[in-house]
Amino acid sequence: AHPAPPLLPSPSLRRLLCLRASSSSASTSSRPRPGRRSPGPARPRQPQPSSLYARPSLLTMERDRAARRADVDAFLVSLGVDPGELAGLELPVTVDVMRERVEFLRSLGLGPDDLAAYPLALGCSVRKNMVPVLDYLGKIGVRRDELPHLLRRYPQVLHASIVVDLAPVVKYLQGMDVKPGDVPRVLERYPELLGFKLEGTMSTSVAYLVGIGVARRQIGGVITRFPEVLGMRVGKIIKPFVEHLQGIGLQRLAVARMIEKKPYVLGFGLEERVKPNIEALLEFGVRKEALPSIVIQYPDVLGVELRDKLVEQQSLFESSILVSGDDFGRVVERMPQAISLGRAAVLKHVNFLTGCGFLLSQVSKMVVGCPQLLALNMDIMKMNFEYFKNEMERDLEELVEFPAFFTYGLESTIRYRHEIVAKKGFTCSLAWLLNCSDAKFDERMKYDTIGVEEMEDDNSFDRDRFEEQVQDEDDDDMEEDSDYDDTD
């Protein structure tokens, strides 16, 4: 079936439509067009408003960004910073923002040289990076006046994540029995710790120290006094150091005890200091079998500029006390701290002894037998000598034979024992009277006579007793009382 064709209008309707169309076109053509101007003077053209969706081109944006970066680079050059070090790093878009960042870093104590040495600090946002890190360090106890030192040593901390980098290290130190109050001191001394990974060098160095005999409860103290140990590689630094000391005669457990008390010895370079110093001791008359005793008594001997000191001290002893080269080796064996005695300290004690009536040859013998005479407190020596001269009524030669008399306490030992022996009517040497423990002396006093074999006791200085006495004293007090550091 085919669709029906559309109906066409009738002839009369077509005529009516044509008349309406012609009249509409005529009215439209007679009406003036709004865009057409009447003849007259030309008016200035008004600017057309820009579209709300207009944007500069990518090329224009890139040019503006390059111009701003050039201004920032010029500002960095004025600070002494090489902009090339910051190439590819997102920096503040304006000089004002960069100036604000620089001023903040300066307020932390960092100067132009510090910024030039580590320009990447300028890539840290003040609000996003620096302030959170500094707030965290302040909360755990890092002192404000120590921040410049910390930031100069380890400026990378400004880029660190508190959760990922900083907090785990703090928790590790606390887990190693470092006291909470000591944690910030450890970080102030060795801020590089904040960049270490827990499963790396830190864990292996602790494990090795425990393995050689360092007590687990002492690890916290070792880290507190010498945190650098956590950054030392076992195979390259710690193990060779320990094995070399064992090679000169020290037992492994003795090395462990030394590390517990003075862990900084691990920082003495094995090839640069330790080995040359051991060789120098042997060259200056120290016997090989005495090396372990020297190192245990005075571990610092491994890290000082030893050869020059030995030359200087040997010359001082030979000129002032008439000590021969061989005897100088015996002095160092009995008191290795003698290598650090200043000239003024030596002469002061020598003058005191000669003032007491001893000949210089007798002083030399006394010093070789008991070098500690040159480091004792002068007031104690004077009191002991006055009591010896006025109350004990003995000959000076007895002090030459037993110079260690000056190392004993007057009230605690000398006076007490002398009075008891005097009541019993015993006649004995100073060595028999003093060179024994309190228990041994009380046992001797139970008898009515003195055995001949006991009177032949060694008159040598009881070094073990003196070492125990020194170890019980505080290190600072020891440095103040002894004149080891007197270099006048």
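The values are calculated or read from the model by the stated rules, or taken from the named source; none is laboratory data. All values derive from a computational prediction rather than experimental measurement. Every residue, glycine among them, receives a Cβ derived from its backbone with ideal geometry; neighbour counts consider all protein chains shown. The protein model used for the area step is the full one, side chains on, heavy atoms only, and it has no ligands, DNA or RNA in it. Shrake-Rupley method; radii C 1.70, N 1.55, O 1.52, S 1.80 Å.
Taking the criterion of being assigned to a helix (DSSP H, G or I) and crowded, with 20+ Cβ neighbours inside 10 Å, the residues of segment 307-323 that qualify are LEU310, GLN313, GLN314, PHE317. Taking every residue in segment 417-440 that is within 11 Å of MET392 (Cβ to Cβ) and pairing it with any residue that is open to solvent by 40 Å² or more (accessible area, probe 1.4 Å) and modelled with pLDDT of 90 or more, at least 6 positions away or on another chain, the pairs with Cβ-Cβ distances below 6 Å are LEU430/GLU398.
Applying a threshold of 6 Å to beta carbon distances and a minimum spacing of six or more residues, or different chains, the list of pairs starting in segment 273-297 at a residue that is closer than 18 Å to GLY325 by Cα and without any contact (Cβ under 8 Å) to a residue 24 or more places away in the chain and ending at one that is part of a helix (DSSP H, G or I) and acidic (Asp, Glu) is empty. Which residues, counting only those in segment 286-299, are surrounded by 19 or more Cβ atoms within 10 Å (Cβ to Cβ) and over 14 Å from LEU250 (Cβ atoms)? If the condition is that a residue be surrounded by 19 or more Cβ atoms within 10 Å (Cβ to Cβ) and over 14 Å from LEU250 (Cβ atoms), then VAL286 is the only one that fits. For segment 355-406, a tally of residues being under 47 Å from the mean Cα position of the chain (by Cα) and either under 21 Å from GLY325 (Cα atoms) or not hydrophobic (A, V, I, L, M, F, W, C) (or both) returns 25. Here is a check on your reading of the model: is LEU270 out of contact with any Phe, Trp or Tyr (no Cβ under 8 Å at 6 or more places or on another chain) and either open to solvent by less than 40 Å² (accessible area, probe 1.4 Å) or closer than 24 Å to MET366 by Cα (or both)? Considered against the rule, which asks whether it is out of contact with any Phe, Trp or Tyr (no Cβ under 8 Å at 6 or more places or on another chain) and either open to solvent by less than 40 Å² (accessible area, probe 1.4 Å) or closer than 24 Å to MET366 by Cα (or both), LEU270 comes out as no. Picking from residues in segment 324-348 that are buried (at least 20 other Cβ atoms within 10 Å of the Cβ) and farther than 18 Å from VAL286 by Cα, the one that is nearest to the chain's Cα centre (by Cα) is ALA345. Taking the criterion of being in contact with a helix residue (DSSP H, G or I) (Cβ under 7 Å, 6 or more places away or on another chain) and open to solvent by 40 Å² or more (accessible area, probe 1.4 Å), the residues of segment 121-139 that qualify are ASN129, PRO132, TYR136. Of everything listed in (1) closer than 13 Å to CYS356 by Cβ; (2) buried (at least 17 other Cβ atoms within 10 Å of the Cβ), the single unmet condition for ASN390 is (2). Those helices (runs of 4 or more DSSP H) of segment 151-235 in which at least 2 residues are surrounded by fewer than 16 Cβ atoms within 10 Å (Cβ to Cβ), considering only elements entirely within it, cover 167-175, 203-212. When ARG153, ARG106, ARG99 are screened for being basic (Lys, Arg) and closer than 30 Å to VAL206 by Cα, only ARG153 passes. Screening the candidates PRO240, PRO276 for the property of being closer than 17 Å to ILE212 by Cβ and open to solvent by 20 Å² or more (accessible area, probe 1.4 Å) yields one hit, PRO240. For GLY249, the conditions (1) open to solvent by 20 Å² or more (accessible area, probe 1.4 Å); (2) more than 30 Å from VAL368 (Cα to Cα) are fulfilled apart from (2).
Considering each residue of segment 71-89 in turn, none proves to be assigned to a helix (DSSP H, G or I), within 30 Å of LYS197 (Cβ to Cβ) and modelled with pLDDT of 80 or more. For segment 403-413, the criterion of being farther than 29 Å from SER364 by Cβ and in contact (Cβ under 8 Å) with a residue 12 or more places away in the chain is met by no residue.
Residues in segment 135-148 include at least one that is closer than 21 Å to GLY80 by Cβ and under 21 Å from the mean Cα position of the chain (by Cα).
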